[in-house]
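The values are calculated or read from the model by the stated rules, or taken from the named source; none is laboratory data. The structure displayed is predicted, hence computed values, not measured ones. As a convention, Cβ positions derive from the backbone with ideal geometry for all residues, glycine included, and neighbour counts pool all protein chains shown. Ligands, DNA and RNA are stripped out before the accessible areas are found, and what is left, the full protein with its side chains, is counted by its heavy atoms. Shrake-Rupley method; radii C 1.70, N 1.55, O 1.52, S 1.80 Å.
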Amino acid sequence: ENEADVIVPHPLGEAGLRIRVLDHPEDVFYKDEGGKSNHLLTSICVENLGHAKQPQFGKVWVLPKLCYENGKEVEDGADIFKVLSLEPEFVTSADQKVTVKFRIEKVSRRKDGQRFKVRFTADPAKSPPAVASTFTSAVCVLSKRKFPASQAGKSA
(Lines give C-alpha, C1' and ligand atoms only; values in the text may rest on other atoms or scores of the structure.)
Protein backbone atom coordinates (compact mmCIF):
# COMPACT_ATOMS: atom_id res chain seq x y z
CA GLU A 1 0.00 0.00 0.00
CA ASN A 2 1.59 3.27 -1.07
CA GLU A 3 0.76 6.81 0.03
CA ALA A 4 -1.47 7.45 -3.02
CA ASP A 5 -3.73 4.55 -1.98
CA VAL A 6 -4.32 6.18 1.40
CA ILE A 7 -5.07 9.70 0.07
CA VAL A 8 -7.31 8.81 -2.89
CA PRO A 9 -10.59 7.24 -1.73
CA HIS A 10 -11.76 4.08 -3.44
CA PRO A 11 -14.61 5.03 -5.81
CA LEU A 12 -16.91 2.54 -4.07
CA GLY A 13 -16.87 1.72 -0.37
CA GLU A 14 -16.81 -1.80 1.04
CA ALA A 15 -20.54 -1.61 1.66
CA GLY A 16 -21.14 -0.78 -2.03
CA LEU A 17 -22.25 2.72 -1.05
CA ARG A 18 -21.07 6.13 -2.21
CA ILE A 19 -22.18 9.66 -1.61
CA ARG A 20 -22.98 11.60 -4.80
CA VAL A 21 -23.62 15.31 -5.35
CA LEU A 22 -26.93 15.90 -7.13
CA ASP A 23 -26.86 19.71 -7.24
CA HIS A 24 -23.58 21.62 -6.98
CA PRO A 25 -23.39 25.05 -5.30
CA GLU A 26 -22.87 28.30 -7.25
CA ASP A 27 -19.37 28.86 -8.70
CA VAL A 28 -19.08 32.28 -7.02
CA PHE A 29 -20.49 33.23 -3.60
CA TYR A 30 -20.74 36.85 -2.44
CA LYS A 31 -20.71 36.44 1.31
CA ASP A 32 -21.56 40.06 2.16
CA GLU A 33 -24.64 40.32 -0.08
CA GLY A 34 -28.07 39.53 1.33
CA GLY A 35 -27.02 39.43 4.98
CA LYS A 36 -26.45 36.37 7.13
CA SER A 37 -29.39 34.60 5.50
CA ASN A 38 -27.47 34.49 2.20
CA HIS A 39 -26.18 30.95 1.71
CA LEU A 40 -24.98 28.31 -0.70
CA LEU A 41 -27.10 25.27 -1.45
CA THR A 42 -26.19 21.75 -2.49
CA SER A 43 -27.91 18.39 -2.43
CA ILE A 44 -26.52 14.88 -2.19
CA CYS A 45 -27.70 11.30 -2.12
CA VAL A 46 -26.21 7.94 -1.20
CA GLU A 47 -26.03 5.40 -4.02
CA ASN A 48 -26.20 1.69 -3.35
CA LEU A 49 -24.14 0.36 -6.24
CA GLY A 50 -23.38 -2.96 -4.64
CA HIS A 51 -27.03 -4.00 -4.38
CA ALA A 52 -29.04 -2.01 -6.91
CA LYS A 53 -32.12 -4.14 -6.25
CA GLN A 54 -31.94 -3.38 -2.53
CA PRO A 55 -32.40 0.38 -2.13
CA GLN A 56 -32.43 0.14 1.70
CA PHE A 57 -29.01 0.14 3.38
CA GLY A 58 -29.36 1.24 7.00
CA LYS A 59 -28.59 4.71 8.33
CA VAL A 60 -25.83 6.75 6.68
CA TRP A 61 -25.06 9.92 8.65
CA VAL A 62 -23.49 12.59 6.45
CA LEU A 63 -20.64 14.84 7.62
CA PRO A 64 -19.71 17.96 5.60
CA LYS A 65 -16.17 19.39 5.86
CA LEU A 66 -14.68 22.46 4.20
CA CYS A 67 -11.71 21.76 1.93
CA TYR A 68 -9.62 23.62 -0.59
CA GLU A 69 -9.99 22.90 -4.29
CA ASN A 70 -7.04 20.46 -4.06
CA GLY A 71 -8.96 18.37 -1.50
CA LYS A 72 -6.92 19.39 1.57
CA GLU A 73 -9.03 20.22 4.63
CA VAL A 74 -9.18 23.93 5.57
CA GLU A 75 -7.24 24.43 8.83
CA ASP A 76 -9.78 26.83 10.39
CA GLY A 77 -12.76 25.22 8.67
CA ALA A 78 -14.67 24.83 11.94
CA ASP A 79 -14.55 28.63 12.37
CA ILE A 80 -15.40 29.73 8.83
CA PHE A 81 -17.72 26.94 7.59
CA LYS A 82 -21.27 27.31 8.88
CA VAL A 83 -23.81 24.59 8.09
CA LEU A 84 -27.20 26.29 8.38
CA SER A 85 -29.19 23.12 7.73
CA LEU A 86 -28.62 19.52 6.70
CA GLU A 87 -31.93 17.75 6.13
CA PRO A 88 -32.44 14.94 6.74
CA GLU A 89 -29.47 14.23 9.06
CA PHE A 90 -29.16 10.68 7.75
CA VAL A 91 -30.44 8.59 4.84
CA THR A 92 -31.64 5.00 4.77
CA SER A 93 -32.37 4.49 1.08
CA ALA A 94 -31.10 5.49 -2.34
CA ASP A 95 -34.20 7.56 -3.15
CA GLN A 96 -33.59 10.05 -0.31
CA LYS A 97 -32.06 13.45 -1.06
CA VAL A 98 -30.12 15.44 1.55
CA THR A 99 -30.33 19.23 1.16
CA VAL A 100 -27.50 21.26 2.69
CA LYS A 101 -27.50 25.04 3.23
CA PHE A 102 -24.16 26.54 4.23
CA ARG A 103 -22.03 29.69 4.38
CA ILE A 104 -18.30 30.21 4.01
CA GLU A 105 -17.28 33.21 6.12
CA LYS A 106 -13.84 33.93 4.67
CA VAL A 107 -13.08 35.21 1.17
CA SER A 108 -10.85 33.18 -1.12
CA ARG A 109 -8.38 36.07 -1.29
CA ARG A 110 -7.63 35.59 2.44
CA LYS A 111 -6.72 31.98 1.69
CA ASP A 112 -4.12 32.68 -1.04
CA GLY A 113 -6.86 32.94 -3.67
CA GLN A 114 -7.87 29.31 -3.24
CA ARG A 115 -11.39 28.17 -4.00
CA PHE A 116 -13.33 25.95 -1.61
CA LYS A 117 -15.11 22.61 -1.91
CA VAL A 118 -17.28 20.76 0.57
CA ARG A 119 -16.35 17.15 1.18
CA PHE A 120 -19.17 14.85 2.26
CA THR A 121 -18.22 11.73 4.18
CA ALA A 122 -20.21 9.21 6.18
CA ASP A 123 -19.83 9.39 9.96
CA PRO A 124 -17.75 6.26 10.66
CA ALA A 125 -19.19 5.88 14.17
CA LYS A 126 -22.82 5.78 13.00
CA SER A 127 -22.76 4.52 9.38
CA PRO A 128 -21.96 1.32 7.47
CA PRO A 129 -18.20 0.80 6.92
CA ALA A 130 -16.27 2.51 4.12
CA VAL A 131 -18.93 4.60 2.38
CA ALA A 132 -17.14 6.41 -0.48
CA SER A 133 -17.01 10.19 -0.02
CA THR A 134 -17.41 12.99 -2.56
CA PHE A 135 -16.71 16.70 -3.14
CA THR A 136 -18.86 19.52 -4.48
CA SER A 137 -17.57 21.67 -7.31
CA ALA A 138 -15.24 24.52 -6.32
CA VAL A 139 -16.60 27.84 -5.05
CA CYS A 140 -14.81 31.19 -5.16
CA VAL A 141 -15.86 33.30 -2.17
CA LEU A 142 -15.86 37.06 -2.64
CA SER A 143 -16.97 39.86 -0.35
CA LYS A 144 -19.29 41.67 -2.76
CA ARG A 145 -19.58 42.52 -6.42
CA LYS A 146 -17.25 45.16 -7.77
CA PHE A 147 -18.79 47.76 -10.08
CA PRO A 148 -16.54 49.79 -12.37
CA ALA A 149 -16.16 53.43 -11.24
CA SER A 150 -17.22 54.62 -14.71
CA GLN A 151 -20.68 53.06 -14.24
CA ALA A 152 -21.20 54.19 -10.65
CA GLY A 153 -22.57 57.63 -11.58
CA LYS A 154 -24.48 56.61 -14.73
CA SER A 155 -28.21 56.12 -14.77
CA ALA A 156 -29.97 53.67 -17.02
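Condition check ((1) surrounded by 11 or more Cβ atoms within 10 Å (Cβ to Cβ); (2) touching a Lys or Arg at 6+ places or on another chain (Cβ under 9 Å); (3) at pLDDT below 90) across all residues:
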position: 5; (1), (2), (3): no, no, yes
position: 8; (1), (2), (3): no, no, yes
position: 15; (1), (2), (3): yes, no, yes
position: 19; (1), (2), (3): yes, no, no
position: 34; (1), (2), (3): no, no, yes
position: 42; (1), (2), (3): yes, yes, no
position: 49; (1), (2), (3): yes, yes, yes
position: 55; (1), (2), (3): yes, no, yes
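Would you be able to say whether some residue in region 104-122 is under 21 Å from residue 18 (Cβ atoms), modelled with pLDDT of 90 or more and charged (D, E, K, R)? Taking every residue of region 104-122 in turn, at least one turns out to be under 21 Å from residue 18 (Cβ atoms), modelled with pLDDT of 90 or more and charged (D, E, K, R).
Quick grid of which residues meet (1) farther than 24 Å from residue 139 by Cβ; (2) not aromatic (Phe, Trp, Tyr):
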| residue | (1), (2) |
| --- | --- |
| 56 | yes, yes |
| 63 | no, yes |
| 67 | no, yes |
| 80 | no, yes |
| 83 | no, yes |
| 89 | no, yes |
| 96 | yes, yes |
| 102 | no, no |
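Within region 84-103, the residues that satisfy the criterion of being at pLDDT 95 or above and crowded, with 16+ Cβ neighbours inside 10 Å are 86, 98, 100, 101, 102, 103.
For residue 66, only one of the following conditions fails: (1) modelled with pLDDT under 95; (2) surrounded by 14 or more Cβ atoms within 10 Å (Cβ to Cβ). What is its number? So residue 66 meets the others, but not (1). Residue selection: residue 126 fails the criterion of being free of Cβ contacts under 8 Å to residues at least 60 places away in the same chain, in a loop (DSSP other than H, G, I, E, B) and either open to solvent by less than 30 Å² (accessible area, probe 1.4 Å) or charged (D, E, K, R) (or both). Every residue in region 62-115 that is of a type outside the set (D, E, K, R) and in contact with a Ser or Thr (Cβ under 7 Å, 6 or more places away or on another chain), please. Correct list: 63, 98, 99, 100, 107, 114. Take residue 145 and decide whether it is touching a strand residue (DSSP E or B) at 6+ places or on another chain (Cβ under 8 Å), at pLDDT below 85 and either crowded, with 17+ Cβ neighbours inside 10 Å or closer than 24 Å to residue 38 by Cα (or both). Yes.
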